[in-house]
Every structure is written in structure tokens, then in C-alpha cells.
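The values are calculated or read from the model by the stated rules, or taken from the named source; none is laboratory data. Keep in mind it's a predicted model, so treat the numbers as computed, not measured. Don't worry about glycine lacking a Cβ; one is built from the backbone with ideal geometry, like all the others, and counts go over all protein chains shown. Just so you know, the surface numbers come from the protein's heavy atoms only, side chains and all, with ligands and any DNA or RNA stripped out. Shrake-Rupley method; radii C 1.70, N 1.55, O 1.52, S 1.80 Å.
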Amino acid sequence: IINIHIPIVIGVFLIYLTANGSDSKKLRVEDSMDSPPSRVIHIRKLPNEVSETEVIALGLPFGKVTNILMLKGKNQAFLELGTEEAAVTMVNYYTAVTPQVRNVPVFIQYSNHKELKTDSALNQRAQAVLQAVSAVQEGGSPSSAAGESVLTPAPSPVLRIIIDNMFYPVTLDVLQQIFSKFGTVMKIITFTKNNQFQALLQFSDPVNAQQAKLSLDGQNIYNSCCTLRIDFSKLVNLNVKYNNDKSRDYTRPELPAGDGQPPMDPSVAATLSKDSTSLLGTPSGMVTSYSSGGGFPSSLGAISPLSAAAAAAAAAGRVALSGHTGPGGVLLVSNLNEEMVTPQSLFTLFGVYGDVQRVKILYNKKDSALIQMSDGNQAQLAMSHLNGQKMYGKIIRVTLSKHQTVQLPREGLDDQGLTKDFTSSPLHRFKKPGSKNFQNIFPPSATLHLSNIPENVTEEDLRLLFSNSGGTVKAFKFFQDRKMALLQMSTAEEAIQALIDLHNYDMGRGHRLRVSFSKSTI
């Protein structure tokens with residue numbers, strides 16, 4: 001009997017020794033990219049009182065989690081994934097986007113172990129939670145030991161999603177990026193009902209819909225806002241007629257845009273038609289923020305706003321994922337028309353998507369500029385909406401900068417007006433919490449929304465004013481009270497130019513014209 005059990009005991013002891021003792025220093029300095037890949041992931045610097053579910057959630061978006069070992073005294077854990085490929089995807093992603101648990105950065109790397117052998121008696125709680133997760137992943141019922149009721153088979157592959165507290169806009173691409181971590185998203189339709197943004201999202205398999213609902217229901221897409229409420233739809237198949245910003249069939253990229261929307265770029269359509277794992281190259285960032293105790297969680301924590309927006313932009317073929325975060329997101333804008341661009345024009349355009357704090361056109365490279373937004377979320381919004389747009393005849397490139405702030409020139413130094421501080425500008429659109437401006441953020445389009453129009457101003461006055469900005473006014477429509485209007489230029493580039501020139505234009509009698517992009521057409 002002794003001879004039979006000694007190897008098992010030694011095997012368990014060696015794992016604990018490797019994690020806690022002789023190799024701990026080596027693990028701390030080990031570079032995850034230099035270590036040979038393994039399906040066992042070593043997670044360090046976990047916060048105190050971390051739960052098993054929070055650790056499992058770090059690996060769940062990347063594939064099946066097959067084992068877990070918690071070393072709470074060392075603030076460490078080992079996570080075993082079902083395949084080495086899933087582990088490689090996880091490590092590659094978290095190399096670019098810093099994983100967080102309870103808003104604390106943690107460190108992830110390959111373990112020296114090729115598999116995780118644990119003593120179930122010592123690791124009973126973690127195993128019970130893992131059993132529940134595994135049951136959900138496989139579409140079965142979690143063990144009652146995990147404190148979760150038995151799951152019935154998913155009635156439909158279609159989910160109905162309602163976004164509560166929609167402080168920031170949620171695009172179709174953001175939804176696709178978030179939900180594709182649980183399976184292949186085939187179709188999405190978005191709409192507004194009872195003044196609430198809603199979506200219908202169809203998976204290829206009802207089991208994926210069930211897992212996504214269990215994991216994401218009640219979670220926030222962005223910090224403290226955009227809460228997901230998820231139910232199964234009575235529909236079992238969605239009929240999508242158009243591929244545009246309101247609906248998309250990822251299995252049929254050839255569908256027309258419809259409703260006056262510009263057709264999708266063929267290269268983007270080809271990208272979107274691929275399966276969800278290859279779509280972004282790396283899965284989305286999941287930031288866990290549990291308050292739950294034992295058992296399988298009712299949610300997987302908030303989605304990182306940075307990675308969600310960046311990945312959504314990547315899905316549209318515009319930018320690559322980046323791990324940069326910071327309280328004041330700084331953007332690098334390049335390929336600017338250096339003969340035309342000014343700090344003020346950049347402030348006005350980027351100010352549509354957030355409150356611009358500072359702008360610096362680079363002295364030795366005047367086709368590039370640094371723009372400091374008030375926070376990382378606003379930087380993401382500006383980047384995802386403006387990268388690839390045409391400004392003063394040139395297609396601009398917008399990426400995240402490594403800088404945390406834009407430095408002002410030293411006192412007494414003349415930088416030829418290339419740097420400007422807008423911190424105290426009265427033109428910030430988003431200073432007021434809950435402002436309607438948060439609900440009216442749209443990509444650049446040919447149609448502009450005008451407001452704060454004086455009573456005596458006519459349609460002809462406005463047509464003439466906007467024609468003088470260098471474009472052609474194609475259509476115009478007053479709202480019923482005539483204080484607001486829609487005005488359509490020939491192209492989005494002309495509308496961008498008009499917005500830069502005429503936002504805050506003095507219309508007389510104390511009226512300053514307000515201009516923004518509209519999602520409507522006339």
C-alpha cells in the first residue's frame with residue numbers, strides 16, 4: 001500500500017514545491033514568451049481573497065478549462081486549459097492586454113508543467129467550481145456541489161440583449177467581439193424599442209447561447225455602465241436583409257448595405273465572414289470584478305472598455321489590438337495635411353467623441369499630432385470612429401500613443417502655436433454627467449445634425465452657410481420646432497470639413513450653432 005501511494009503523494013508534493021518553493025524565483029523572472037508553450041498557465045500577483053471563479057474566468061474565453069490549483073497564501077494559481085493552442089492564444093492575448101482581477105493587474109505566463117496533477121481532497125472547492133464551469137461549457141448541468149441550479153438545454157441559439165444605463169454607445173461590432181468568445185456569432189440585428197437599445201444575436205449552436213447568457217448577463221460592457229440584460233429569444237433563426245451598422249449576417253458578406261448606408265469594404269466583409277476565433281486574432285479582454293462567493297458565478301465580470309473598443313475597431317479592419325491604458329488616453333494621429341491642420345481643427349473633430357484636453361502638432365513632423373482625451377474610453381471612441389477617415393483630403397491614421405500626457409512647451413518657448421491646452425474650454429461636449437451627447441455619438445457621415453438654430457434663420461441661410469465651407473448641400477430638413485435640422489453634404493469628408501468650420505459658429509443673438517454627425521439620412 002505504501003509503495004502504491006508514495007508516487008502519488010510525491011507527485012502532488014513536487015507541484016506544490018515548484019509553485020511555492022525551489023522554483024518560485026525562477027518563475028517570477030521567467031518571460032512567458034521565452035518559455036516553451038504549455039497548456040498549464042501560471043498566474044501571479046493575484047489579489048487577496050481571490051475566488052476560484054475569478055481565476056477560471058481569465059481562461060474561460062479562450063477554451064475549456066480542465067484543471068485549477070489555487071495557492072492563495074502565495075497569491076498565485078495554476079490554470080490548465082484543454083489544449084495547448086488555447087493556452088497559447090491566452091498568453092499571446094494577455095501579453096498585449098494586461099489582465100486584471102478586481103481591478104488589480106496580474107501576471108500570466110506558461111508553467112513548466114505540461115499538465116496539472118492535483119490532490120482533489122486538498123483542492124476540493126476549486127474542483128467543485130471547475131466542475132460547474134465544465135458542465136456549462138459542454139452544455140450539461142453543473143454539479144449541485146457548486147451551488148448552482150440544474151440547467152435545462154438552451155431553447156434557442158438566439159439571444160435577446162437589452163443594454164441598460166447606456167452611457168457610451170454600443171456598436172454592432174462591440175457586441176460581436178464580446179459574444180464571439182463563446183462561439184461563432186452568425187447574425188446580429190440591433191434596434192431601439194421603448195427608448196432602449198436592444199439586439200438579437202444568433203449563435204451557430206444553442207449551447208453557445210446558453211454559455212454566453214450565463215457568463216455575461218448582468219455584466220457591464222464599460223466601467224459602471226452599459227449593463228447587459230440577456231434572455232433567450234422565441235426566434236430560432238434571424239432573417240438579415242442588410243449588412244450595415246444596424247444588422248449583419250456574418251455568413252453572407254455579399255448582402256447589400258440598404259437604407260442609404262455605404263456598402264461594406266470587400267476586405268472587411270471577407271474578414272467578418274471568417275470564424276470568430278480568427279476574426280480578431282486574439283480574443284477580447286475580460287476584466288473580472290466579482291462580488292460573488294462560491295459556486296459558478298452569475299457573470300464573468302466587466303468587459304474591459306479598452307480592449308472591447310479596440311477589438312471592435314480591429315473587427316472593422318481599422319486598428320490592431322493594444323494593451324495601452326491610462327487615465328488620460330493619448331492618441332497619435334498621422335498622415336495629416338500639414339498645410340491645413342491646426343490644433344483647433346483637431347480639437348473640434350476629436351471633440352465629437354470626447355473632451356480633448358491638449359493637442360500638440362509635432363514640431364519636426366507636422367503631419368502628425370498627439371491628442372490627449374479626458375480618459376481612455378473617449379480615446380478609444382475617437383480612434384475607432386476616426387481612424388481611416390478623410391480630413392483635408394488625406395486619410396488620417398489614429399492609434400494609441402505610449403505617452404500618458406501631452407506636455408506643454410516650457411514657459412517662454414515659442415512653439416509656433418503647435419501646442420494648445422483646451423483643459424478649460426467651454427466647448428467640451430461631455431463634461432455634464434448624463435448629457436444627451438453621450439447618446440448621440442455616431443461615426444462620421446454625410447448627414448449632419450444641427451441644433452441651437454435661431455428662429456429667424458431660414459433653410460436657405462443654412463444651405464448657403466454650409467456650401468461656403470467648400471462642399472455641396474444635397475438635402476435639408478428642419479425638425480418641427482425649427483431649432484434643429486438635418487443637413488446632408490455630398491460626402492462624409494465634406495461633412496467633416498463643415499463640422500470643423502461651423503461647429504460653434506456665431507449665428508447672432510447669442511446663438512452658437514452646434515454641429516454633430518447623424519445616423520439618419522434625409
**Report entry** Where a residue in the stretch 72-86 is farther than 15 Å from residue 101 by Cα and its partner, wherever it lies, is among the polar types (S, T, N, Q) and exposed (fewer than 15 other Cβ atoms within 10 Å of the Cβ), with Cβ under 7 Å and at least six apart
**Finding:** 74/20
Requested in this report: Could you tell me whether any residue of the stretch 162-182 is open to solvent by 50 Å² or more (accessible area, probe 1.4 Å), farther than 23 Å from residue 385 by Cα and within 20 Å of the chain's Cα centre (by Cα)?
Outcome: no
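Looking for whichever is open to solvent by less than 50 Å² (accessible area, probe 1.4 Å), under 25 Å from residue 183 (Cα atoms), more than 24 Å from the chain's Cα centre (by Cα) and hydroxyl-bearing (Ser, Thr, Tyr) here; the options are 38, 111. Which one fits? Don't jump to the end; show me each part of the working.
On the way: 111 fails: under 25 Å from residue 183 (Cα atoms).
Of 38, 111, the one residue that is open to solvent by less than 50 Å² (accessible area, probe 1.4 Å), under 25 Å from residue 183 (Cα atoms), more than 24 Å from the chain's Cα centre (by Cα) and hydroxyl-bearing (Ser, Thr, Tyr) is 38.
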Query raised in the report: So which residues in the stretch 52-76 are polar (S, T, N, Q) and either open to solvent by 10 Å² or more (accessible area, probe 1.4 Å) or assigned to a strand (DSSP E or B) (or both)?
Result: 66, 67, 75, 76
Report task. Taking the residues in the stretch 413-452 that are hydroxyl-bearing (Ser, Thr, Tyr) and outside any loop (DSSP other than H, G, I, E, B) as candidates, determine which candidate is least open to solvent (accessible area, probe 1.4 Å). Result -> 447
Requested in this report: Mind telling me which of the residues 488, 497 ends up being out of contact with any Pro (no Cβ under 7 Å at 6 or more places or on another chain), at pLDDT 95 or above and within 24 Å of residue 343 (Cβ to Cβ)?
Outcome: 497
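Scan 450, 487 and give me the residue that is aliphatic (A, V, I, L, M) and under 20 Å from residue 345 (Cα atoms). Steps first, please.
Working: 487 fails: under 20 Å from residue 345 (Cα atoms).
Selected residue: 450, the only one of 450, 487 that is aliphatic (A, V, I, L, M) and under 20 Å from residue 345 (Cα atoms).
Might you let me know whether the stretch 467-488 holds any residue that is assigned to a helix (DSSP H, G or I), out of contact with any Phe, Trp or Tyr (no Cβ under 8 Å at 6 or more places or on another chain) and charged (D, E, K, R)? It would help to see each step written out before you state the result.
The initial filter retains those residues of the stretch 467-488 that are assigned to a helix (DSSP H, G or I), namely 467.
Okay, now just the ones that are also out of contact with any Phe, Trp or Tyr (no Cβ under 8 Å at 6 or more places or on another chain), so 467.
Okay, now just the ones that are also charged (D, E, K, R), so none.
Looking for residues that are assigned to a helix (DSSP H, G or I), out of contact with any Phe, Trp or Tyr (no Cβ under 8 Å at 6 or more places or on another chain) and charged (D, E, K, R), one finds none in the stretch 467-488, hence no.
One line per residue, one yes/no per condition, for (1) open to solvent by 60 Å² or more (accessible area, probe 1.4 Å); (2) without any contact (Cβ under 8 Å) to a residue 60 or more places away in the chain:
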{"position": "457", "(1), (2)": "no, yes"}
{"position": "465", "(1), (2)": "no, yes"}
{"position": "469", "(1), (2)": "no, yes"}
{"position": "472", "(1), (2)": "yes, yes"}
{"position": "475", "(1), (2)": "no, yes"}
{"position": "482", "(1), (2)": "yes, yes"}
{"position": "493", "(1), (2)": "yes, no"}
{"position": "508", "(1), (2)": "no, yes"}
{"position": "514", "(1), (2)": "yes, no"}
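Please verify whether residue 214 is open to solvent by 20 Å² or more (accessible area, probe 1.4 Å) and in a helix (DSSP H, G or I), treating the condition exactly as stated.
Working: open to solvent by 20 Å² or more (accessible area, probe 1.4 Å): yes; in a helix (DSSP H, G or I): yes.
Criteria met by residue 214.
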Report summary line: Just one listed residue, out of 105, 99, 157, is surrounded by fewer than 18 Cβ atoms within 10 Å (Cβ to Cβ), modelled with pLDDT of 80 or more and within 28 Å of the chain's Cα centre (by Cα), and it is 105
Query - strands (runs of 3 or more DSSP E) enclosed by the stretch 344-412 - at least 1 residues per element that are within 19 Å of the chain's Cα centre (by Cα) - result: 369-373, 397-400
